[in-house]
Amino acid sequence: MTLRLADIVQSLAARVDAELLGNPDILIERLSTLDGAGPRDLTFLSHPKYLGKLAQSAAACVVVSPAVREAAMRRGACIVADDPYHYFALITQLWKQRHFPPPAPHIHPSAFIDPGATLAPGVSIGAFACIGAGAMIGAGVRIAEHCVIGAQVEIGADTRLSARVTVADGCRMGERCIVHPGAVIGADGFGFAPHEGEWVKIEQLGAVHIGNDVEIGANTCIDRGALQDTVLEDGVKLDNLVQIGHNVRVGKHTAMAGCAGVAGSATIGAHCTVGGGAIVLGHLRLADHVHVSAASVVTRSILKPGQYTGLFPIDDNAAWEKNAATLKQLHSLRERLKLTEKSLSQILEKS
Amino acid sequence: MTLRLADIVQSLAARVDAELLGNPDILIERLSTLDGAGPRDLTFLSHPKYLGKLAQSAAACVVVSPAVREAAMRRGACIVADDPYHYFALITQLWKQRHFPPPAPHIHPSAFIDPGATLAPGVSIGAFACIGAGAMIGAGVRIAEHCVIGAQVEIGADTRLSARVTVADGCRMGERCIVHPGAVIGADGFGFAPHEGEWVKIEQLGAVHIGNDVEIGANTCIDRGALQDTVLEDGVKLDNLVQIGHNVRVGKHTAMAGCAGVAGSATIGAHCTVGGGAIVLGHLRLADHVHVSAASVVTRSILKPGQYTGLFPIDDNAAWEKNAATLKQLHSLRERLKLTEKSLSQILEKS
Amino acid sequence: MTLRLADIVQSLAARVDAELLGNPDILIERLSTLDGAGPRDLTFLSHPKYLGKLAQSAAACVVVSPAVREAAMRRGACIVADDPYHYFALITQLWKQRHFPPPAPHIHPSAFIDPGATLAPGVSIGAFACIGAGAMIGAGVRIAEHCVIGAQVEIGADTRLSARVTVADGCRMGERCIVHPGAVIGADGFGFAPHEGEWVKIEQLGAVHIGNDVEIGANTCIDRGALQDTVLEDGVKLDNLVQIGHNVRVGKHTAMAGCAGVAGSATIGAHCTVGGGAIVLGHLRLADHVHVSAASVVTRSILKPGQYTGLFPIDDNAAWEKNAATLKQLHSLRERLKLTEKSLSQILEKS
């Protein structure tokens, strides 16, 4: 499995301008990191801080930015593109397409498809998948083995569901989405009315509405809304094991890393990032372009773009224990400092 | 799909007293939030702080408490009930029942049911579900597509398992439970004896015992006990992606929000709440009515009811960095403050 | 189901030396904890701090260390072994083997096995499992119901996959591994190039490579590498709901508790432990024998063995609120303390 350098640049020419310097006939056998690249590998240099590694790289070709053009040329073949990381991303897509092309559309005979479901042309359905009554499956959709698609679900064209994805009744998903194994879309939100010491279930009557180009990680859960829909807008990317509570709205092109959780009725803006294991509490609002650091807990609405953090710095255990114990006296330390300052100023006044 | 106001109140009359004021023939088309309610919607006002929104609401009818009776009557139709949120919860149940009644019991021909399993009358089993030898499935139980029920499992009457639920060998579940997709009940607990730098597996010989009216969220995991059973008592509610370790016992009507984790052999009391992403360490004991805030880590037993919290307050990143760095010197700051106080008192004594 | 004491000791004699004191014909009916053991139970005493409980134990037999030999003999039957906890672990294995022996190898007729897959002798495959083209399944492998094994997957001898495990195309797993329900091995890593406000997918062209004797918990996710493989070395143990990002390498015999997360390209050493809910950020390096406490966040590489912790100590909510609020002024408190110290030293110099 190889790709010729000139073919790569030509295949992507419609999307990005790039200049190929060096022998266009070099055959690339592998895509690789700058450090790990061998003499038949293509790699990229995205950040000037790695410039020192460029000269030593054994790579057959390096994708670089215009700023590095001269240095890269001296080393050997290179592709010059304004955004090398983006360009390399497109190369990975080309690589996948060429070497792992999707099989021809096929509906596995073991799949259970309700006669009331509608399948557009070019749909693939894997072994043992179930498609519910009234489901509308768009053109070119690929549903892998063991998916369970509920009644009245809508899935837009060219969306791909990996094995063992559940989409519950009435949920809608846009085009070109990718959903990884074990994801659960549309389970009941966690809604109960406390009553005489018990929890009375509030039936979750909304659904989930997912836009176009959304990617959802393995075993991630997106709950259906209580009364209205839970919404993920276009281009949202969720990593694995993420929890999205009922009635949440996540704005366009917001990304959340693994194990993040958003509690019910929170509204997250567009172009936000939520780090791994971070939590956004319920009913809060995050403006566009808010970035929450990993493992931080958002306990109030954040209306101003920026980076926000709240985590206890890790330390060797002995040092942590001392500081953590002292932390419990922090407020009283402040009071003592105040008193000290006051005494001191009285002394200074007198002297 | 509509419900007549008088029918709603009458249907619930056996469970809760309520007074309908206004035209009893109004047809409700949707249940809605107070903010979002349109002229054919039913909504509720549970908290006096939203009273200001009542007058402006376009809702066809609002469920209110007796304290708000007069104000609500002036606006239009209303239902007066002691606990409007609870009453609304019951309406959602009625709505679901009327508009999405469960289909007639049906055993899908593709399901694999071991001849040694016992199915009570009225059981539904979905496509490709597997029921193991010796399993006892109670009356009216609904097991959705792709569930895997192990050998000797017992499931009480009217319990509902959504798609892709696993219940491992020998686990028992009570009546009227609800389990959401991807939940795993009865996987091995995480038990190993360290030996010469390796981990030697301790076979997990207990099971999981779940009471009545328990709800378990999507992709939540409840491990089987090492020697005795892991136990969830009646009325426990677990959200999605919750982890319950082996030998844990969770008391009646305790609720845990998404991504919470309870390590092995912890004992949680009744009527507790555990916030999203909170963690309870192993072998601890929480009394009844303990409330753990989101993302807090319980590192010692808590024997007194109350609200407990431990999380680093979020801040803009620059402020956090300063405070977090200083935090590592907190213990030495305290020592310096002590010295300062001492010097100061010596000065004051002299003067 | 019983085991005779002498049979237990003899069955394990090839692996561990142990001395049986007391009646060798006692029949054990149950394995139990020291506290809970009844007169037909076998239990163990691993830690001298529980010595006080030994005399009162009703157990039929206790596994003890040589240091406790005399005290244990006075009480009744005992097994003396150098490492009682390890010995007891082996007894649990024996118990499981004897009382729950795996059924004879069987390939369920409903399983879908691609004709291009290769199955070694003694393979078991459960109902509705799917095995992809080119997969190589080793001798004695047991694949439970509803597993989805991708194309070109390799699974080593005697590995056991519980129900509903997904192993994506091209991933490799060693011998004697155990994988619990819902685990996802080889979903795409979370890789995107930001471009003009959107996220451009970087296809994940690596796979997952898992060594021998690895155990993977329920609903745990291990992402495939972007360019190279994600690697779990021999003897790694992962609990439930753990997230391992792309390109991560986890060293031999490292164990991670539930809900832990390791972000992309982190390298974890051998013999490490990561506590429940702890997070290791991307691209970091942890040396061998690093122990991360529960819920701690590793934000920098740790190159020295030891125990590391970072979590906000839990407190009653009112106390926490005071200290958390003060924490936001911590840096300025330090500055005030500095000024105070300075003023004080000036006063002292003058006097």
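The values are calculated or read from the model by the stated rules, or taken from the named source; none is laboratory data. Fair warning: this is a prediction, and the values are worked out from it, not measured in the lab. Methodologically, a virtual Cβ is constructed for each residue, glycine included, from the backbone with ideal geometry; neighbour enumeration extends over all protein chains shown. These accessible areas exclude ligands, DNA and RNA; they are computed on the full protein's heavy atoms, side chains included. Shrake-Rupley method; radii C 1.70, N 1.55, O 1.52, S 1.80 Å.
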| request: Identify the residue in the range C:295-305 that is surrounded by 13 or more Cβ atoms within 10 Å (Cβ to Cβ) and not polar (S, T, N, Q) and, among all such residues, is farthest from the other protein chains (Cβ to nearest Cβ). | output: C:PRO305
| Of these, A:ALA168, A:ALA183, A:ALA218, which one is within 9 Å of chain B (Cβ to nearest Cβ), more than 30 Å from B:HIS47 (Cα to Cα) and within 16 Å of the chain's Cα centre (by Cα)? | A:ALA183
| task | Test C:LEU311 against the stated conditions and say whether it is more than 16 Å from A:ALA295 (Cβ to Cβ) and either over 20 Å from the mean Cα position of the chain (by Cα) or within 12 Å of chain B (Cβ to nearest Cβ) (or both). | result | no
| field | Count of the range B:58-90 residues which are open to solvent by 10 Å² or more (accessible area, probe 1.4 Å) and among the hydroxyl-bearing types (Ser, Thr, Tyr) | value | 2
| field | Filtered residues of the range B:205-217 (kept if on the phi < 0 side of the Ramachandran plot and open to solvent by 20 Å² or more (accessible area, probe 1.4 Å)) | value | B:LEU205, B:HIS209, B:ASN212
| query | Which of the residues that make up the range A:174-204 are aliphatic (A, V, I, L, M), open to solvent by 10 Å² or more (accessible area, probe 1.4 Å) and either modelled with pLDDT under 95 or over 23 Å from B:ASP82 (Cα atoms) (or both)? | reply | A:ILE178
| said: All but one of (1) polar (S, T, N, Q); (2) over 26 Å from A:LEU327 (Cα atoms); (3) within 14 Å of chain B (Cβ to nearest Cβ) hold for C:SER265; state the number of the condition that does not hold. | reply: (3)
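Okay, residues lined up against (1) at pLDDT below 95; (2) acidic (Asp, Glu); (3) under 30 Å from the mean Cα position of the chain (by Cα):
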residue: C:THR43; (1), (2), (3): no, no, yes
residue: C:HIS47; (1), (2), (3): yes, no, yes
residue: C:ARG74; (1), (2), (3): yes, no, no
residue: C:VAL80; (1), (2), (3): no, no, yes
residue: C:ALA104; (1), (2), (3): no, no, yes
| Just a yes or no: is a residue in the range B:110-121 touching a Leu at 6+ places or on another chain (Cβ under 7 Å), open to solvent by less than 30 Å² (accessible area, probe 1.4 Å) and not basic (Lys, Arg)? | no
| request: Those residues that are more than 7 Å from every other protein chain (Cβ to nearest Cβ) and farther than 15 Å from C:ALA324 by Cβ, I need them from the range A:320-347; list them, please. | output: A:GLU321, A:ALA325, A:GLU335, A:LYS338, A:LEU339, A:LYS342, A:SER345, A:GLN346
| message | For the range B:31-147, give me every one of the helices (runs of 4 or more DSSP H) that falls completely inside it and has 1 or more residues that are under 22 Å from A:LYS201 (Cβ atoms) and without any contact (Cβ under 8 Å) to a residue 12 or more places away in the chain. | response | B:84-99
| Which one is nearest to B:GLY186 (Cα to Cα) among residues in the range B:268-286 that are assigned to a strand (DSSP E or B) and away from chain C (no Cβ under 13 Å)? | B:ILE268
| From B:ARG176, B:ARG249, B:ARG160, B:ARG224, residue being touching an Asp or Glu at 6+ places or on another chain (Cβ under 8 Å) and within 27 Å of C:ALA129 (Cβ to Cβ) | B:ARG224
| Of all residues in the range B:223-259, how many are farther than 29 Å from C:TYR85 by Cβ and within 10 Å of chain C (Cβ to nearest Cβ)? | 2
| Mind checking which residues of the range B:56-90 are over 19 Å from B:ILE28 (Cα atoms) and not basic (Lys, Arg)? | B:SER65, B:PRO66, B:ALA67, B:VAL68, B:GLU70, B:ALA71, B:ASP82, B:ASP83
| request: Sort out which residues of the range A:108-129 are within 27 Å of the chain's Cα centre (by Cα), hydrophobic (A, V, I, L, M, F, W, C) and within 11 Å of chain C (Cβ to nearest Cβ), and write them in order of number. | output: A:ALA129
